[in-house]
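Working notes for the structure below.
The values are calculated or read from the model by the stated rules, or taken from the named source; none is laboratory data. Fair warning: this is a prediction, and the values are worked out from it, not measured in the lab. Cβ placement follows ideal geometry from the backbone for every residue including glycine, while neighbour counts extend to all protein chains displayed.
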Amino acid sequence: MNKKPTRRLERNILDGNRISEEDAYELYEWDVIDLARAADGRRKIAVPGEIVGFIIDRIINFTNICEAKCRFCAFHARAEQVDPFELSIDDIMQKVGELKEMGGSQVMLQGGLHPDYTIDRYTQMVKRIKETCPDIFVHSFSPAELIHIAKKNDLDLVDVVSTLHDAGLDSVPGASDLLVDRVRHHACPNKMSVDEWKTVMEALAHRGMKSSATMTFGMGETMEEQIRHLSVVRDVQDRTGIIRAFIPWSFSPAKTGMADTEPATGMEYLKLVAISRIFLDNITHIQAGWLTEGLKLAQLALTMGANDMGGILMEETVVKATGVNTKANVDEFVRIIKNAGKIPVLRDSAYQVIQRYE
């Protein structure tokens, strides 16, 4: 049964005060309208005005040969949903060239945990992009990949980050799945631990690099474990200040090793967006996950505390491997944002406005 907000908690939220984990548990019981009102009030504190940003970018999955073999992933070669492949650097550059022709500004290189790649392979990719297209922002790899590179090459993590940064890596997506070791032991036991994710974020901060944080929910976790994930993210942001955005999305179980998992509902997604906005008082931008949730639900998320639509994504293959195939373009983003009563803006990787669509 939905409960009316307590005046104390509602006042704390609208005054911009930090809430506790216990407070967050109460938010799950609120009526969605009350929760939306509180989250939007919090959003106005973090991001005054009504602009909603998006960026034109491209995810380039350069291989799906990955030794992590996560149960929640349908993309890695051993999941047998996508044939094994590896892109050459020339292949990658062709895709970057197409991104530039479209007016894109950011590329995301992702490749999982390849058993044979050395750090030279990663630096070559980044250097080639920067030498050919110096204005393209390279927001690439992931904390798990950086941990993997360090272990495979017997290198210190800070040295790995420094080497890639010197090669031209601008920032790293803070892909974190779910930062709860119990869930990780079931869903991705061969991937990094929660402590290793924290270590990567500290290493990026040491080098002065920015990141983000994600949350893949609906993998059998409890409400308490969802809040634990948010607490890890908030604590890391308190220490480092490097997280530009938080991106929650629901797990798509079809065709994965966890296909019997009950998918999260749209209402669960919207409530989590709102709770994230309220709880993560130190992160400015909350993204609406249109790729996994669909464009209509993402539009609703803009009333629940989200203020960004993320990337147009010229190419995406990991989520597509589960059977989800949502597509969008600039005109569609502009229409959806305007119909939500917001002002659409094209932004860069630092969330600076490039163009407004009045």
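General observations
- From the list 233, 126, 183, 158, the lone residue that is closer than 30 Å to residue 102 by Cα, β-branched (Val, Ile, Thr) and part of a helix (DSSP H, G or I) is 126.
- Residues of segment 162-180 satisfying the condition of being buried (at least 24 other Cβ atoms within 10 Å of the Cβ) and part of a helix (DSSP H, G or I): 164
- Cβ separations smaller than 9 Å between residues 6+ apart or across chains give the following pairs from segment 334-348 residues that are without any contact (Cβ under 8 Å) to a residue 24 or more places away in the chain to residues that are surrounded by fewer than 19 Cβ atoms within 10 Å (Cβ to Cβ) and part of a loop (DSSP other than H, G, I, E, B): 334/357; 338/357.
- Residue 237 being touching a strand residue (DSSP E or B) at 6+ places or on another chain (Cβ under 8 Å), of a type in the set (S, T, N, Q) and farther than 28 Å from residue 294 by Cβ: yes
- Among (1) in a helix (DSSP H, G or I); (2) farther than 30 Å from residue 231 by Cα - the single one residue 115 does not satisfy: (1)
- A single entry from 236, 200, 273 fulfils the requirement of being within 18 Å of the chain's Cα centre (by Cα), closer than 20 Å to residue 42 by Cα and modelled with pLDDT of 95 or more: 273.
- Scanning segment 216-230 turns up no residue that is within 30 Å of residue 347 (Cβ to Cβ) and charged (D, E, K, R).
- Residue in segment 67-88 that is among the polar types (S, T, N, Q), under 25 Å from residue 184 (Cα atoms), modelled with pLDDT under 95 and more than 19 Å from the chain's Cα centre (by Cα) present: yes
- Enumerated strands (runs of 3 or more DSSP E) restricted to segment 20-111, each holding at least 3 residues that are of a type in the set (A, V, I, L, M, F, W, C) and touching a residue at least 40 places away in the same chain (Cβ under 8 Å): 51-55, 106-110
- The single condition among (1) at pLDDT 95 or above; (2) more than 17 Å from residue 124 (Cα to Cα); (3) among the charged types (D, E, K, R) that residue 170 does not meet is (2).
- Segment 129-155, subset assigned to a loop (DSSP other than H, G, I, E, B) and of a type in the set (A, V, I, L, M, F, W, C), residue surrounded by the most Cβ atoms within 10 Å (Cβ to Cβ): 141
- Residue 265 modelled with pLDDT under 95 and either more than 20 Å from residue 351 (Cα to Cα) or more than 17 Å from the chain's Cα centre (by Cα) (or both): yes
- Each residue in segment 186-218 was checked for being part of a helix (DSSP H, G or I) and in contact (Cβ under 8 Å) with a residue 40 or more places away in the chain, and 11 pass.
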